[in-house]
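Asker: Sharing a structure, written as structure tokens. Questions coming.
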Amino acid sequence: MEKIKILVLAKQVPDTRNVGKDAMKDDGTVNRGALPAIYNPDDLNALEMALEAKDRLGNAEVYVLTMGPTRAAEIIRESIYRGADEGYLLTDRKFAGSDTLATSYAISKAVKKIDPDLIFCGLQAIDGDTAQVGPQTAEKVDFPQITYVEKLVEISPTQITLKRRLERGVETVVAPLPALITVHGSANPCRARNVKRVMQYKHARTLTELKEENRENSELFKDRPYLKIEEWSVDTIQADDTHLGLSGSPTKVKTIDSVVLAQKENIVLTSSDADVEELMVDLLKSRVIG
Amino acid sequence: MKNVFVYCEVTEEKRIAEVSLELLSKGRKLAETLGVKLEAVVLTDQAGDTLETIQEFGVDVIHLAESVELFPYRTLPHFRVVQAIFEKEQPEIALFGATSVGRDLAPRIASVLRCGLTADCTSLEIGDHVDTKTGKEYKNMLYQIRPAFGGNIIATIINPETRPQMATVREGVMKLEKADKKKVAQIKNYKVEEILKPEDLVITIIDRHIEPQKVNLKGAGIIVSGGYGVGSKENFKLLYDLAAVLGGEVAATRAAVDAGYAEHERQVGQTGVTVRPKLYIACGISGAVQHRAGMDQSAKIISINTDPNAPINAIADYAVTGDLMEVLPKMIAYYKKYSK
Ligand SMILES: Cc1cc2nc3c(=O)[nH]c(=O)nc-3n(C[C@H](O)[C@H](O)[C@H](O)COP(=O)(O)OP(=O)(O)OC[C@H]3O[C@@H](n4cnc5c(N)ncnc54)[C@H](O)[C@@H]3O)c2cc1C
Ligand SMILES: Cc1cc2nc3c(=O)[nH]c(=O)nc-3n(C[C@H](O)[C@H](O)[C@H](O)COP(=O)(O)OP(=O)(O)OC[C@H]3O[C@@H](n4cnc5c(N)ncnc54)[C@H](O)[C@@H]3O)c2cc1C
């Protein structure tokens, strides 16, 4: 039997959940530099579900694909520490400015090269927050999609049973392989790093990273080829330039405004009996309550 | 051709979802501005009286596909039918609810039609655009306005070259307004069995537990809302007590929902429900921009927070600095005392 190939799509994102004062520049644009870059939270749930699928199938491998700048290689190392077998960094200036349609086009070209049986991705990324890349990638590779998945119920080499978390309940579905699954943040959290794997892979690098460290002449990859993280460009995946980047994106950002808090005149009170009494009397008098 | 289309979601109770009715209301205004028609798309097993509801919103054409394969919702059958309708009708604008159905379906449609899709719009307007590079002028674009980057910025997005201009909108964002006059819509029926292929039916639903909507935040005049500062599910009981005496509903922030203090359907904000009550009492809520996005239209806001500098205070009419565990029982006591 051939190994089942499981692919995880993971994105490196700025941590928008902890936006401090220095995160916004004076001109109202976002200062990405001031935000730590993290593993998109839902994608960690997706990685876990992929690893669970591998655990249950036995005869399977988990690959990770991330599209982003050089530093996004961190996502691949992190995935490998937690149990993924191998990763690919999809990186090219031509991807810059891609909307979800262009992003899913690029990802779908890489997916075709990997040729997986199953794809797990996050429901949504916390920066763009559109939840569109999963379904769009599924359409482009012609896989059925199962979104909002909370639990892997059962898996065999030919089909998968999944529980979906919807607004007002749950639904269990059976799908044949191949399929693309988007994983909800309420799914199992990702297992911790495996210390042995951290020791083994902490020197894993892309060629560009080695160059940045002025070590391109080191014997690293010759001695330990498994430490090489593959970098794929537009050419590697044979993508059509016109479908990428700003020019390949049908959505255009016309304007961006920062959110300004207009200070309201307010009445400041304490928790004292007198103050709370005043508050309730005020509300009753003005007929807001009662 | 060139009309405004709204995908109408059918709920578990076989009614048209609120969000779809809100979009029909908005869609009618957009169609009026553009001088085009408003068209609804309904995919279900049996339409029954759902069409009656739609007629109240001034719809010109209803595209109706009825088949057992179309209820309950599954991605591929709906995808295939909507694709067929859009390819034939070439909509100018297509709107979907930002629900687990709309967010599943709309991106797949946008992908196959290769058109732009803007997620979670908080406002839709018609306006012109000049491309600064080419100088090319575009008339009557759909401005798709959405928060992004964790809600810290508001972006206006347009799709100059591709059609339809697609957008998703969350429930509660657009106002629900019936048309002044009821219109009799033309109904176009589709033969579903001629559109669907066997590979569209590969996914089977083996189990479903969908509960009727229990909490009605949007209809509540008074909302007592709790944040992470409430501290526990047990402490949330105080909020229920206050809501009960005031005749209101209990809501929560995402942090409180994530911590398990309250159910997801009570979440207010960018990724929850948008509310406009006459009174919103924010207890132990810091006031993150994503939360404010769902409640800052409330007529009156009271904030109860131990931190006098909590950002929520900036939009509050009354800012009570203090421990909510102390303040809430006092509010209940004084309410009882003065309301007779
Ligand atoms: C202000 C602003 C507003 C935007 N609004 C829109 C919009 O309305 N419509 C639109 O089309 N684009 C929009 N974009 C562009 C969009 O954010 C990017 O295209 C982004 O690359 C992908 O979208 P997302 O972050 O929403 O991902 P999502 O679609 O939310 O991601 C879902 C999942 O797809 C996978 N995935 C996504 N990106 C990658 C990646 N780079 N590598 C590996 N896996 C990945 C992950 O598993 C992720 O969990 C906007 C961008 C900005 C800055
Ligand atoms: C893409 C995205 C979408 C999001 N969507 C939403 C959304 O829809 N809705 C939403 O709410 N959030 C949303 N968030 C999360 C949001 O950014 C905040 O993290 C969240 O709103 C914070 O909730 P909170 O105010 O309850 O918690 P915190 O920020 O932790 O605030 C707790 C507050 O309680 C106060 N406090 C503590 N103890 C007491 C006490 N005993 N008495 C009184 N006050 C006390 C503290 O001073 C503090 O101000 C989203 C985030 C992202 C990135």
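The values are calculated or read from the model by the stated rules, or taken from the named source; none is laboratory data. Given the structure is predicted, the values throughout are model-derived calculations rather than measurements. Note that each Cβ is placed from the backbone with ideal geometry, even for glycine, and that neighbours are counted across all protein chains shown. Only protein heavy atoms, including side chains, enter the accessible area calculation; ligands, DNA and RNA are left aside. Shrake-Rupley method; radii C 1.70, N 1.55, O 1.52, S 1.80 Å.
Asker: Run down B:Ala255, B:Ala251 and say which single residue is farther than 22 Å from A:Leu283 by Cβ and more than 16 Å from ligand 1 (Cβ to nearest atom).
Answerer: Details: B:Ala251 fails: farther than 22 Å from A:Leu283 by Cβ.
Going through B:Ala255, B:Ala251 in turn, just one is farther than 22 Å from A:Leu283 by Cβ and more than 16 Å from ligand 1 (Cβ to nearest atom): B:Ala255.
Asker: Restricting segment B:129-165 to residues that are of a type in the set (Phe, Trp, Tyr) and buried (at least 18 other Cβ atoms within 10 Å of the Cβ), which is farthest from ligand 1 (Cβ to nearest atom)? Let's see the steps before the verdict.
Answerer: To start, the set of residues in segment B:129-165 that are of a type in the set (Phe, Trp, Tyr) comprises B:138, B:143, B:149.
Checking which are buried (at least 18 other Cβ atoms within 10 Å of the Cβ) leaves us with B:143, B:149.
Values: B:Tyr143: 12, B:Phe149: 6 Å.
Applying the filter and picking the extreme gives B:Tyr143.
Asker: Give me the residue from segment B:287-317 that is out of contact with any helix residue (DSSP H, G or I) (no Cβ under 6 Å at 6 or more places or on another chain) and either among the hydroxyl-bearing types (Ser, Thr, Tyr) or outside the structural domain of B:Leu239 (by TED's automatic domain parsing) (or both) and, out of that set, modelled with the lowest pLDDT.
Answerer: Here the residue is B:Ser298.
Asker: Follow-up. For the subset of segment B:196-214 comprising residues that are at the interface with chain A (Cβ under 7 Å from one of its Cβ atoms) and open to solvent by less than 90 Å² (accessible area, probe 1.4 Å), which member is modelled with the lowest pLDDT?
Answerer: Of the residues in segment B:196-214, the ones at the interface with chain A (Cβ under 7 Å from one of its Cβ atoms) are B:202-211, B:213.
Of the ones still in play, those that are also open to solvent by less than 90 Å² (accessible area, probe 1.4 Å) are B:202-205, B:207-208, B:210.
On the way: B:Val202: 97, B:Ile203: 97, B:Thr204: 97, B:Ile205: 97, B:Asp207: 96, B:Arg208: 95, B:Ile210: 88.
Of everything passing the filter in segment B:196-214, B:Ile210 is modelled with the lowest pLDDT.
Asker: Something else now. Given the conditions (1) assigned to a loop (DSSP other than H, G, I, E, B); (2) more than 10 Å from chain A (Cβ to nearest Cβ); (3) in contact with a Phe, Trp or Tyr (Cβ under 6 Å, 6 or more places away or on another chain); (4) buried (at least 21 other Cβ atoms within 10 Å of the Cβ), which single one is not true for B:Ala179?
Answerer: That leaves (4) as the condition not met.
Asker: While we're looking at this one, here's another question. If a residue has to be within 16 Å of ligand 1 (Cβ to nearest atom) and hydroxyl-bearing (Ser, Thr, Tyr) to count, how many in segment B:258-283 make the cut? Spell out the reasoning first.
Answerer: Filtering segment B:258-283 for residues within 16 Å of ligand 1 (Cβ to nearest atom) gives B:270-271.
In the following step, the residues that additionally are hydroxyl-bearing (Ser, Thr, Tyr) were identified as B:271.
Looking only at that region, the number is 1.
Asker: Now for a separate question. In segment B:213-228, what count of residues is obtained for those that are among the small types (Gly, Ala, Ser) and touching a Ser or Thr at 6+ places or on another chain (Cβ under 8 Å)? Steps first, please.
Answerer: Step one: of segment B:213-228, the residues among the small types (Gly, Ala, Ser) are B:219-221, B:225-227.
Restricting the remaining residues to those that are touching a Ser or Thr at 6+ places or on another chain (Cβ under 8 Å) gives B:225-227.
Residues in segment B:213-228 being among the small types (Gly, Ala, Ser) and touching a Ser or Thr at 6+ places or on another chain (Cβ under 8 Å): 3 in total.
Asker: Consider segment B:215-245. How many of its residues are more than 9 Å from ligand 2 (Cβ to nearest atom) and open to solvent by 20 Å² or more (accessible area, probe 1.4 Å)? Talk me through it step by step, then tell me what you get.
Answerer: So in segment B:215-245, the residues more than 9 Å from ligand 2 (Cβ to nearest atom) come out as B:215-224, B:232-234, B:236-245.
After this cut, where a residue has to be open to solvent by 20 Å² or more (accessible area, probe 1.4 Å) as well, the list is B:216, B:218-219, B:221, B:232-234, B:237-238, B:240-241, B:244-245.
So the count comes out to 13.
Asker: Additional query: Of all residues being surrounded by 14 or more Cβ atoms within 10 Å (Cβ to Cβ), in a loop (DSSP other than H, G, I, E, B) and β-branched (Val, Ile, Thr) in segment A:221-280, which is nearest to the other protein chains (Cβ to nearest Cβ)? Just the residue, please.
Answerer: The residue in question is A:Thr251.
Asker: For segment B:304-319, which residues satisfy the criterion of being within 9 Å of ligand 2 (Cβ to nearest atom), free of Cβ contacts under 8 Å to residues at least 24 places away in the same chain and open to solvent by less than 20 Å² (accessible area, probe 1.4 Å)?
Answerer: Once the filter is applied, which keeps residues that are within 9 Å of ligand 2 (Cβ to nearest atom), free of Cβ contacts under 8 Å to residues at least 24 places away in the same chain and open to solvent by less than 20 Å² (accessible area, probe 1.4 Å), segment B:304-319 yields nothing.
Asker: So if I check each of A:Thr103, A:Thr130, A:Thr66, A:Thr147, which one is among the β-branched types (Val, Ile, Thr), without any contact (Cβ under 8 Å) to a residue 60 or more places away in the chain and within 16 Å of ligand 2 (Cβ to nearest atom)?
Answerer: On the way: A:Thr103 fails: within 16 Å of ligand 2 (Cβ to nearest atom); A:Thr66 fails: within 16 Å of ligand 2 (Cβ to nearest atom); A:Thr147 fails: within 16 Å of ligand 2 (Cβ to nearest atom).
Going through A:Thr103, A:Thr130, A:Thr66, A:Thr147 in turn, just one is among the β-branched types (Val, Ile, Thr), without any contact (Cβ under 8 Å) to a residue 60 or more places away in the chain and within 16 Å of ligand 2 (Cβ to nearest atom): A:Thr130.
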